[in-house]
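No value in this document is a laboratory result; all are computed from the given coordinates. The structure displayed is predicted, hence computed values, not measured ones. Glycine also receives a Cβ, built like all others from the backbone with ideal geometry; neighbour counts cover every protein chain displayed.
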Amino acid sequence: MQLLVAVINHEECVEDILSGFVEIGVTGATLVDSRGMGRVLSREVPLFAGVGALAAGSRPANKTLFCIVDDAKADAAVRMIQEICGSFERAGIGILFTVPVSRVVGLKPELA
């Protein structure tokens, strides 16, 4: 199993990602509203107001998606997210990574 974490900078993509998950058999995910460090420091912490360059071109908010996926579905999920959002190799799209998971409590086995 893998923990898939994706910071999606284009919130308009989230609905298509969730629909795509259902199509590939990933039936559970959690979404959290999030903001990047540059945005927070440059807008909300007066001491760091001079670091506006960190937030230049950044979006005011994004969504962070968490889900546990079976190893066999992880590559398909990553590919599908990049097909919808664009390549995460390009700046401003977001961040995506997976981490191996050795134990999950509270999740039905068929959902992973």
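In this rough spin-label picture, where each label sits 7 Å from Cα along the Cβ direction, the SER102-VAL22 distance is 3.6 nm.
Give the calculated FRET efficiency between MET37 and ASP70 to the nearest 0.05, with a Förster radius of 41 Å applied to their Cβ-Cβ distance. Efficiency at R0 = 41 Å is approximately 0.80.
The ranking of THR27, THR64 by Cβ neighbour count inside 10 Å, starting from the fewest, reads THR27, THR64.
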